[in-house]
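Peer 1: Sharing a structure with you now.
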Amino acid sequence: MTQLLKGKPVATALKKWIRNRVEAEGARPSLAIVMVGNNPASEVYVNHKIRAAGEVGIKAELVHLEESITRQQLVNEIREISKRFDGIIVQLPLPNHINEDAIIQHIPPNKDVDGFTPENLGLLARSTPRFISATPLGILFLLHYYGISLTGKNVVVIGRSNIVGTPLALLVSRRFPWANATVTMCHSRSRNIDEHLKNADIVIVAVGKKHWLKPKMVTKNMIVVDVGIHVDDNGKLTGDVEPEVRQIVKAITPVPGGVGPMTVATLLFNVYLANSLAKGIITDAESVITECIEFLRKEYQTKKK
Ligand code: NAP
């Protein structure tokens with residue numbers, strides 16, 4: 001029977017780990033969430049982040065800026081706001097007149113808890129990570145919670161965005177105790193993706209196309225991670241993977257309730273890191289991720305009993 005890799009218990013365990021660490025260190029990590037203009041979907045996400053932060057002892061504050069703000073004014077604001085917080089994120093999307101990539105370059109890398117800046121992506125690429133983008137790191141936590149090791153596995157990542165596909169491929173392929181996979185990265189110009197999938201132990205789909213992964217592309221021994229978020233014709237959330245795939249594979253993350261719940265909890269993990277790295281309580285992210293994974297494994301074992 002197909003195992004459902006649900007994100008909620010993992011996110012709950014991860015938040016427990018963060019809360020324990022924050023309390024043990026007597027810390028009060030802080031996060032600024034910069035939102036430009038009014039976007040109802042963004043407001044829902046931001047409220048969710050603020051609420052979740054409160055649960056683990058992190059102070060998250062929304063800084064709401066006018067839609068009419070210029071690029072330069074926003075850059076100046078980011079510079080000033082970031083001085084007062086351990087971490088800062090800019091809620092995307094930004095209004096059309098502001099180039100998102102140009103703004104990301106101006107986030108101080110030691111406060112970039114989304115892990116989007118070139119410096120943080122580069123640190124991951126050279127196996128000395130600091131802040132790793134929350135969705136890829138959340139997927140890593142989720143797989144390890146369920147005892148799915150990556151070492152030596154064939155992982156096929158579909159998608160190469162700077163936020164998901166690229167950091168994910170880097171993360172699982174580096175020489176970390178919790179990585180060491182052999183990665184194939186596919187994208188819109190890849191030929192014969194079905195052929196690449198034939199040897200896959202784990203398939204991570206971050207294509208951004210509703211029901212892109214079809215039943216005929218999977219096998220019964222595969223583990224599938226569905227990153228996509230879409231609204232179907234009935235107004236329900238669905239993913240990049242066709243629902244029938246669930247009947248075939250060994251394990252799969254559901255949508256909703258799979259990768260989604262991990263992203264916010266992992267952002268909070270990065271805010272904890274930002275505070276503790278700045279204070280010198282911890283010196284590197286790799287060992288903290290290792291510790292956290294051990295905790296998650298134990299939580300799963302305890303829950304299973
Ligand atoms: P994106 O920036 O649009 O990137 C999509 C990637 O898929 C691109 O690299 C693209 O290739 C590739 N692609 C597109 N069509 C393809 C095809 N037919 N065959 C193979 N590859 C194809 O999207 P993203 O930001 O990475 O997000 C992906 C999905 O994850 C979206 O549905 C998004 O909403 C969701 N998401 C979910 C979470 C969460 O918390 N659950 C977080 C972030 C994103 P090219 O590079 O060649 O264009």
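Peer 1: About its Cα centre, how strong a charge dipole does the range 1-69 have in debye, to the nearest 20, once Lys and Arg get +1 and Asp and Glu get -1 at the Cβ?
Peer 2: About 500 debye.
Peer 1: Of the accessible area of the chain, with the probe set at 1.4 angstrom, what percent is carbon plus sulfur?
Peer 2: Roughly 49 percent, rounded to a whole number.
Peer 1: Taking Cα centroids, how far is the range 91-116 from the range 227-254 in Å?
Peer 2: Using only Cα atoms, the two centres lie 29 Å from each other.
Peer 1: Report, in degrees rounded to the nearest 10, the 0 to 90 angle that the Cα long axis of helix 71-82 makes with the longest principal axis of the chain.
Peer 2: 80 degrees
Peer 1: With +1 on the Cβ of every Lys and Arg and -1 on the Cβ of every Asp and Glu, and nothing else charged, how large is the dipole of the chain about its Cα centre, in debye rounded to the nearest 20?
Peer 2: Here the size comes out at about 1000 debye.
Peer 1: Run down the lysines and flag those whose C-alpha is under 22 Å from the C-alpha of Lys209, throwing out any fewer than 8 positions away in its chain.
Peer 2: Lys6, Lys198, Lys236
Peer 1: Now for a separate question. Which listed residue (Pro95, Leu4, Ile69) has the Cα farthest towards the positive end of the charge dipole for the range 1-129, taking +1 on Lys and Arg C-beta and -1 on Asp and Glu C-beta about the Cα centre?
Peer 2: Leu4
Peer 1: Then there is this: Between the helical axis of 40-55 and the dominant principal axis of the chain, each derived from Cα atoms, what acute angle in degrees is found, rounded to the nearest 10?
Peer 2: The angle comes out near 80 degrees.
Peer 1: Once the principal axes of the Cα atoms of the chain are found, what is the range along each, listed largest first in whole angstroms?
Peer 2: 52, 44, 37
Peer 1: To continue, here is another question. Given a Förster distance of 30 Å, report the FRET efficiency between Asn76 and Val231 from their Cβ-Cβ distance, rounded to the nearest 0.05.
Peer 2: About 0.25, to the nearest 0.05.
Peer 1: A further question on this structure: Would you mind checking the tilt of helix 260-279 against the longest principal axis of the Cα atoms of the chain, expressed as 0 to 90 degrees and rounded to 10?
Peer 2: It works out to around 50 degrees.
Peer 1: Can you give me the distance in nm between label points at Lys216 and Glu294, each placed 7 Å from the Cα along the Cα-to-Cβ direction?
Peer 2: 4.8 nm
Peer 1: Quick check: residue separation of Lys6 and Asp194 times 0.36 nm, minus the Cα distance between them. What number comes out in nm?
Peer 2: The span from Lys6 to Asp194 would gain 65.1 nm if fully extended.
The values are calculated or read from the model by the stated rules, or taken from the named source; none is laboratory data. Keep in mind that this is a model prediction, so the values were computed, not measured. Here Cβ is always computed from backbone atoms with ideal geometry, including for glycine, and neighbour counts include all displayed protein chains. For the accessible areas, the whole protein counts, side chains as well, though only heavy atoms, and no ligand, DNA or RNA atoms are used. Shrake-Rupley method; radii C 1.70, N 1.55, O 1.52, S 1.80 Å.
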